[in-house]
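One structure is given here, and the rest of the page talks about it.
The values are calculated or read from the model by the stated rules, or taken from the named source; none is laboratory data. The structure presented is a predicted model; accordingly, all values stated were derived computationally and were not measured. We place every Cβ from the backbone using ideal geometry, glycine too, and count neighbours over all the protein chains shown. Side chains are part of the model used for accessible areas, which takes the heavy atoms of the whole protein and leaves out ligands, DNA and RNA. Shrake-Rupley method; radii C 1.70, N 1.55, O 1.52, S 1.80 Å.
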Amino acid sequence: MAYKILIVDDEKMMTELLTDHLQDCGYETMAANSAEEAMAFVARQPDLIILDINMPGMDGLELCRSIRSHIVCPILFVTARITEQDKINGLQYGGDDYITKPFSLNELAARVAAHLRRDERGRNRSSVLASGGLIVNLSERIVSWHGREIPFSKREFDLIEFLMTNGGQVFDKERIYERVWGYDAEGDSGVIKEHIRKIRAKLRDVTGRDYIETVWGVGYKFEVNQ
């Protein structure tokens, strides 16, 4: 079955150009010339979205942020905005890549293919993580140790999932907050310390270990295979 790609650009000539090229590459395409039209296609669960930023009404950044809670597929911004801050904004609003106009159709197709491969690998990744007797079932959102379930709140589980998925890597509180709460969340990264304390207490009560290590002056990391 062909991958479904949603192309969003207020210039009809651009959507037609990309539609023709990507269909020649074997993809199924949907084209929208406004944010309103794009929203109607989101329900069809595209595998990847190519999104222009400069559009009348709701621009591409706001559209990206509004659909991120409904869809997890890669989003590639295509735009004439070229400053570093523009690129940072695109990524912070939920985009996965940033391609500036003018661009090569072959380069765009290559990036589309690369993101689809990466996304496919992520979906096929094991839904179970394990470390030193601790089992984390990502699909059922259950943490257990030698068959004994350890209850965690939604946010605590999200933190465990993020740190364990990136086991051995050190993250500061600000980076953890951005990745778990979201870039546009309103709040303070200081809450990370309290959540980590609660997670450690629950883990220690059952397993006798903390699993989450503090790297002083830097942040936290999940201990793996110990």
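Just the residues that are assigned to a loop (DSSP other than H, G, I, E, B), closer than 19 Å to Lys198 by Cα and either within 19 Å of the chain's Cα centre (by Cα) or without any contact (Cβ under 8 Å) to a residue 40 or more places away in the chain (or both), please, taken from segment 126-152.
Listed by number, the list holds a single entry, Arg141.
Residue by residue through segment 5-61, note down the ones that are part of a helix (DSSP H, G or I) and within 16 Å of Asp97 (Cα to Cα).
Of everything in segment 5-61, those that are part of a helix (DSSP H, G or I) and within 16 Å of Asp97 (Cα to Cα) turn out to be Gly60, Leu61.
Which one is modelled with the highest pLDDT, of the residues in segment 91-117 that are open to solvent by 50 Å² or more (accessible area, probe 1.4 Å) and within 12 Å of the chain's Cα centre (by Cα)?
Filtering segment 91-117 for residues that are open to solvent by 50 Å² or more (accessible area, probe 1.4 Å) and within 12 Å of the chain's Cα centre (by Cα), the one modelled with the highest pLDDT comes out as Asp96.
Considering segment 21-39 alone, what residues qualify as being over 23 Å from Arg117 (Cβ atoms) and more than 22 Å from the chain's Cα centre (by Cα)?
Ala31, Ala32, Asn33, Ser34, Glu36, Glu37
Those residues that are open to solvent by 40 Å² or more (accessible area, probe 1.4 Å), of a type in the set (A, V, I, L, M) and touching a strand residue (DSSP E or B) at 6+ places or on another chain (Cβ under 6 Å), I need them from segment 33-85; list them, please.
Ile82
Take the residues in segment 118-155 that are of a type in the set (Gly, Ala, Ser) and modelled with pLDDT of 85 or more, then tell me which one is most open to solvent (accessible area, probe 1.4 Å).
Per the stated criteria, the residue is Ser153.
Scanning segment 165-212 for residues that are at positive phi and surrounded by fewer than 16 Cβ atoms within 10 Å (Cβ to Cβ), which turns out modelled with the highest pLDDT? It would help to see each step written out before you state the result.
Filtering segment 165-212 for residues at positive phi gives 168, 182, 187, 208, 211.
Retained after the next criterion (residues that are surrounded by fewer than 16 Cβ atoms within 10 Å (Cβ to Cβ)): 168, 182, 187, 208.
Numbers: Gly168: 85, Gly182: 74, Gly187: 65, Gly208: 92.
Here the answer is Gly208.
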